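Below is one structure, written out as structure tokens, with a few remarks after it.
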Amino acid sequence: MSKKIWLYTGFFGVLLIVFFMAAFWGTDAWKAKLPVLSTVKPFTFINQEGDTINESNIGEKVYVAEYFFTTCKGICPRMNKNMMKVYNEFKAENNFLILSHTVDPERDSSARLKRYADSLGVDTGKWWFLTGSKIDLYTTARQSYLLDDQNINKGKIEEQFIHTQLFALVDKEKRVRGIYDGLKEQELLQLMKDIRRLISE
């Protein structure tokens, strides 16, 4: 009798495992969640249209944040060439944005950023180019997006300069969920994969 009980128990146990595998295999329930690296603090910047924007303008959208400057002849053109791939992949997605912050607000006015955006031929409703005070831009880069080591520069803000190729991925709840090297193809592919995951969450 006990053998039969064990046989039935084992049989139904296997059935239960098969059922759950069939129901959830390939869904997010089987995937490890992306880590939460930081939370984006409130900010206020000026976009390429001259409008003041803050975190509430983003709503519940997933977005990628980067830092660049329009006169850059080094890594920035390569970064934004790769960011264009991200833009083209998700430009039809209503719940996605790109935020490109200048590291050189003295030169990069909203008008200059508008000309830069126009030269890329992008929809500036989907890809924002932001300027503002240098201290606010740099503080956001370091404390919110973790795109620069906040312990490196302790001198005057006027003497500091951020030059990073990193992209930050932010979820619908304004949490940074990943940092990616914007110059590496494999990391770019991973970024796009993770964007899809966060949009579907």
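If you take the residues of region 48-65 that are assigned to a helix (DSSP H, G or I) and not hydrophobic (A, V, I, L, M, F, W, C), which of them is surrounded by the fewest Cβ atoms within 10 Å (Cβ to Cβ)?
Top of the filtered list is 56.
Would you point out the residue of region 180-201, among those that are buried (at least 17 other Cβ atoms within 10 Å of the Cβ) and outside any helix (DSSP H, G or I), that is nearest to the chain's Cα centre (by Cα)?
180
Select from region 91-136 the residues that are part of a helix (DSSP H, G or I) and farther than 17 Å from residue 76 by Cα and list them in ascending order. Before the answer, list the steps.
So in region 91-136, the residues part of a helix (DSSP H, G or I) come out as 110-120, 134-136.
Of everything in region 91-136, those that are part of a helix (DSSP H, G or I) and farther than 17 Å from residue 76 by Cα turn out to be 110, 111, 134, 135, 136.
Here are some residues: 45, 11, 90, 68. Which one is at pLDDT below 95 and surrounded by 10 or more Cβ atoms within 10 Å (Cβ to Cβ)?
On the way: 45 fails: at pLDDT below 95; 90 fails: at pLDDT below 95; 68 fails: at pLDDT below 95.
Exactly one residue qualifies, and that residue is 11.
The values are calculated or read from the model by the stated rules, or taken from the named source; none is laboratory data. Just so it is clear, the structure is predicted and the values come from calculations on it, not from any experiment. Because the Cβ atoms are built from the backbone with ideal geometry, glycine has one as well, and the counts that use them run over all protein chains shown.
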